[in-house]
Amino acid sequence: MIKAAVLGYPIAQSKSPIIHGHWLKKHGIDGSYVKQEVAPKNFSAHIQEMIAQGYAGANVTVPHKHAALEIADTVSSRATAIGAANTLVFRDGKIHADNTDGEGFINNLTQGAPNWNAGMGPALVLGAGGAARAVLHALLDAGVPEIILVNRTRARAEDLASVFGRRVMVADWGDAEQASAAVSTLVNTTALGMVGCDPLHFSCAELSSNTLVNDIVYNPLKTDLLRNAEKQGCATVDGLGMLLHQAVPGFEAWFGARPQVDPELRQKVLAEL
Ligand code: ATR
């Protein structure tokens, strides 16, 4: 039996076992994928124990995404650029670290709005945390000509922009609505609007109806941002697909089959939110 797991602290909230369990069944693979709660001080020893037990690899989430990079023998270029790993593959006693968040983000946009990058103009990204870093890397890699980055704490946006060079420009959080008039893509990478968090106050009145709007928040599935953007005539893509698509490369590396993000999987995960 092929074994994998997701490690976090806490980990109860993780939907990854539902995703991988769905695909294991669909592909008829003799495999298991479980949640494991691992405190930061035990992370390295836990990984060594997994390797000794013959695990194929693991997903890692908060707070292990940086430690996962540090214990790896090899690191993908995208994980290096993002400064964090979410996927580990164990092979021949060695650890390979990757970050699939950006791929998940782009594949979600492409599945939800297939022509999102045809004749693409600038993008506006809200937020400058870990999720924003993966989104910026992916948008630049996909050929977005320029990104306007806004964050409540401007200095954090400036730090992040400096990692990516001249195609990322920082504007004030208070100027975001005005800046939104001239963009092809708008992405919220903050947790604002998520169940249990503060609301995101963002008027979509300046948006052109040609702007694609994506929220990486997926609970609720239809956030106020997406609702307001739709009233403005914009196409929208919700955030659930990013969670599903980011899981694809890990499944393929561990279990040997490339899975599909199908409607049945979306329904299964939605039912557990
Ligand atoms: P993640 O890894 O999920 O991106 P993070 O690194 O904690 O999480 O980043 C959270 C993001 O949400 C940041 O951009 C944060 O803004 P600050 O850098 O100013 O803290 C943003 N955020 C969180 N709460 C916010 C709020 N009430 N208003 C505006 N932005 C907020």
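No value in this document is a laboratory result; all are computed from the given coordinates. This structure is a prediction, so every number in the text was calculated from the model and none was measured. A quick note on method: Cβ atoms are made from the backbone with ideal geometry, for glycine too, and the neighbour counts reach across all protein chains shown.
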Provide the FRET efficiency to the nearest 0.05 for the Lys231-Phe164 pair, computing r from the beta carbons and using R0 = 25 Å. 0.20
Among His96, His201, His64, what is the fewest-to-most ranking by other Cβ atoms within 10 Å? His201, His96, His64
Exposure proxy order (Cβ contacts within 10 Å, fewest to most) of Met242, Met50, Met194, Met1: Met1, Met194, Met50, Met242
Amide H partners (placed H, <5 Å) of Val60, local residues excluded: Leu7, Thr87, Leu88
The rounded separation in angstrom of the Cα centers of the range 241-272 and the range 69-134 is 15 Å
Can you give the % of DSSP beta bridges in the range 17-155 that are antiparallel, to the nearest 5? 55 percent
Under the Karplus relation 6.51 cos²θ - 1.76 cosθ + 1.60, θ = phi - 60°, what is the ordered set of whole-Hz ³J(HN,Hα) values for the range 196-208, x standing for Gly and Pro? x, 10, 5, x, 8, 8, 9, 7, 9, 4, 7, 5, 7
Just to be sure I understand: of the beta bridges DSSP finds with both ends in the chain, what percent are antiparallel, rounded to 5? 20 percent
Just subtract the alpha-carbon distance of Leu273 and Asp198 from 0.36 nm times their residue separation and send over the number in nm, one decimal. 25.2 nm
Could you sort out which of Lys94/Lys268; Lys25/Lys222; Lys26/Lys231 sit more than 31 Å apart by Cα distance in this structure? Lys94/Lys268; Lys26/Lys231
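Exposure proxy check: Arg91, Arg133 ranked by fewest other beta carbons within 10 Å?
Listing Arg91, Arg133 from fewest to most nearby Cβ atoms yields Arg91, Arg133.
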Under the rule of at least 5 residues apart or a separate chain, name every residue whose amide H is placed under 5 Å from the amide H of Met169. Ile147, Ile148, Leu149
Euclidean distance of C-alpha centroids, the range 136-177 and the range 23-37, integer Å: 38 Å
Over the chain, with a Gaussian network built from C-alpha contacts below 10 Å, which listed residue (Asn151, Asn108, Asn42) shows the highest mean-square fluctuation? Asn42
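With a length cut of 15 Å (Cα positions projected on each helix's long axis) and a Kyte-Doolittle mean of at least -0.5, go through the chain and give me the DSSP H helices that pass. Walk me through the numbers before you get to the answer.
Values: long enough: 16-27 (17 Å, -0.69); 101-112 (16 Å, -0.69); 130-141 (17 Å, 0.93); 154-164 (16 Å, -0.05).
Within the chain the helices that satisfy the rule are 130-141, 154-164.
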For Leu212, what residues show an amide H to amide H distance below 5 Å, using hydrogens built from the backbone and excluding near sequence neighbours? Thr185, Leu186
